[in-house]
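Heads up: the structure comes next, in structure tokens.
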Amino acid sequence: MTESTNLNIAVVGAGPGGYAAAFLAADLGMTVTLIDPEVNPGGVCLYRGCIPSKALLHVAKLIEESHQAKDWGIEFASPKIDLARLRSFKENVVKKLTGGLGVLSKQRKIHYVKGRAEFENSTTLQVTKSNGSQESLSFDKIILATGSRPAIVPALKLDTPRMMDSTGALNLEDIPGTLLVVGGGYIGLELGSVYAALGTRVTVVEMLPGLLPGADRDLVLPLHKRLEKMFDGIRLNTTVASVQDEGNGIRATLKAQDGTTQEKLFDRVLVSVGRKPNSEIPGIEKTRAQVGERGFIQVNKQLQTDDPDVYAIGDVVGEPMLAHKASHEGRTAVEAIAGHKVAFEPNAIPAVVFTDPELAWCGLTETQAQNENREVKVVKFPWAASGRAITLDRPEGMTKILFDPQTERVLGVGIVGAGAGEMIAEGVLAIEMAALARDVALTIHPHPTLSETVMESAEVFFGTSTHIYRPKRG
Ligand code: NAD
């Protein structure tokens, strides 16, 4: 195996994919240039995505719990919201993390260029810096990590700050009286929850028959039920046919599948109907990299494009558009460039929706197994039987595991409930380590924790879960 770490590489885009790639490349001894328009690494995830939304969701959860506390004998007055302070909390979180990445980048002696890159050829980039100056830089290899942007619906294009995408919604300019959320996916439900907790009356419109189309229905159900209480309305099988700026609000025409329409005035509208890859990199046609039909740059398992000198990672190469997938792809691409024998072929990529309750899954889903006619044994452990869930007064959760009935291997895990996002990593590890039902059942989990529900699900597989009574047959 040839191994060369004495290379000069460029990474275009400094999100969780790009900076993870750049940092590893520097750690392996490569000379690294990282190019991004922001002052520090971070990308959409840190500046306008995962991180600010999670800071706001943390606050939303606190507000929701303060309401629930009444049931526990503690009554709080209605929260007084200082919006400027809330915004500055969120902005400080972003500043702290992106600033930290800037320091880590400097410590690794990465040449960080604040600017935008354009291809001159496969190994040369013309970089336009934020001060307008241009520089032509040549490299041995280039990694594209340009990410994605919110998808636009032509019928919902209006030039008014009342129409928002996720970036606008995260700016939190005010607390609107009413908000229409178009799209019941990750962003719509997370940001819808934030606004609802702050006091906005939220209506979610989803064109498909259920929220979060990628997740199993039984996992979505407890979330749907709770969101129904939080939101003004959840309209499934519905789209927004048109929007009109009426000065004092946006008049939206909601169109149900049966053709019936309803007009309603909203203070603001959030459009969250998916994301599009940023593959229109200027000059990319001067390389041999190919862009596929859906706009994703095509790569092999080493994340190499059809041009041997150009690699691409993260949202720009395909679904799922998740930060943790991008980081792993970035590290794989760098190892491939370094000559290591690697491939990006995970058995499970976790998905987490940070609503309350959280929804998380990894590996095979039950819906997928049904669609593929795959024989699986599905076991479920209701959190009503979990001591920890009861102490939290959150019995609505559920942990489920899909096993291969013959080999008893864990194939998929799904969890809905408070803290599901932290718990799912155990499922990913189980799948990656090819754990069997017995391995999970015999792994001593601390009591009292929600993590016990994973162990007990595996016990359900054998019909011997401690906290579930199953009458004997016959
Ligand atoms: P999404 O794909 O999660 O959801 C979009 C939803 O909009 C779907 O349910 C879809 O059926 C619906 N939809 C599409 N067109 C519509 C229309 N015209 N009218 C009504 N509904 C319509 O997309 P998103 O919420 O915009 O998020 C984009 C991506 O960002 C996600 O796929 C995810 O990869 C990433 N993300 C992840 C997290 C997380 O990991 N927690 C959080 C936010 C975003």
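The values are calculated or read from the model by the stated rules, or taken from the named source; none is laboratory data. In this text the structure is predicted, and so the values were computed from the model without any measurement. Note that we place each Cβ from the backbone using ideal geometry, even for glycine, and neighbour counts take in every protein chain shown.
Of all residues assigned to segment 255-270, none qualifies as being in contact (Cβ under 8 Å) with a residue 12 or more places away in the chain, over 25 Å from residue 187 (Cα atoms) and surrounded by 21 or more Cβ atoms within 10 Å (Cβ to Cβ). Scanning segment 58-115 for residues that are of a type in the set (Ser, Thr, Tyr) and either part of a strand (DSSP E or B) or in contact (Cβ under 8 Å) with a residue 40 or more places away in the chain (or both) yields 98, 105, 112. Against the list (1) within 12 Å of the ligand (Cβ to nearest atom); (2) of a type in the set (Asp, Glu); (3) closer than 19 Å to residue 232 by Cα, the condition residue 174 fails is (1).
Candidates 180, 189, 211: the one that is within 12 Å of the ligand (Cβ to nearest atom), touching a Gly at 6+ places or on another chain (Cβ under 6 Å) and either assigned to a loop (DSSP other than H, G, I, E, B) or hydrophobic (A, V, I, L, M, F, W, C) (or both) is 211. Beta carbons closer than 8 Å, at least 6 apart along the sequence or on distinct chains, pair a first residue in segment 141-163 that is free of Cβ contacts under 8 Å to residues at least 12 places away in the same chain with a second that is within 14 Å of the ligand (Cβ to nearest atom) and not in a helix (DSSP H, G or I) for 157/163.
Pairs please, first residue from segment 209-233 and touching a residue at least 40 places away in the same chain (Cβ under 8 Å) and over 21 Å from residue 320 (Cβ atoms), second anywhere and of a type in the set (Ser, Thr, Tyr) and more than 11 Å from the ligand (Cβ to nearest atom), Cβ atoms under 6 Å, 6+ apart in sequence or on different chains. Filtered contacts from segment 209-233: 232/203.
Matching residues to (1) surrounded by 16 or more Cβ atoms within 10 Å (Cβ to Cβ); (2) within 16 Å of the ligand (Cβ to nearest atom); (3) without any contact (Cβ under 8 Å) to a residue 24 or more places away in the chain:
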position	(1), (2), (3)
384	no, no, yes
398	yes, no, no
427	yes, yes, no
449	yes, no, no
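Residues in segment 13-52 that are closer than 15 Å to residue 330 by Cα and of a type in the set (Phe, Trp, Tyr) were compared, and the one that is nearest to the ligand (Cβ to nearest atom) is 19. If you check 377, 341 for being in contact with a Phe, Trp or Tyr (Cβ under 6 Å, 6 or more places away or on another chain) and surrounded by fewer than 18 Cβ atoms within 10 Å (Cβ to Cβ), only one passes: 377. Residues in segment 149-159 that are at pLDDT 95 or above and either more than 29 Å from residue 314 (Cβ to Cβ) or in contact with an Asp or Glu (Cβ under 8 Å, 6 or more places away or on another chain) (or both): 150 alone.
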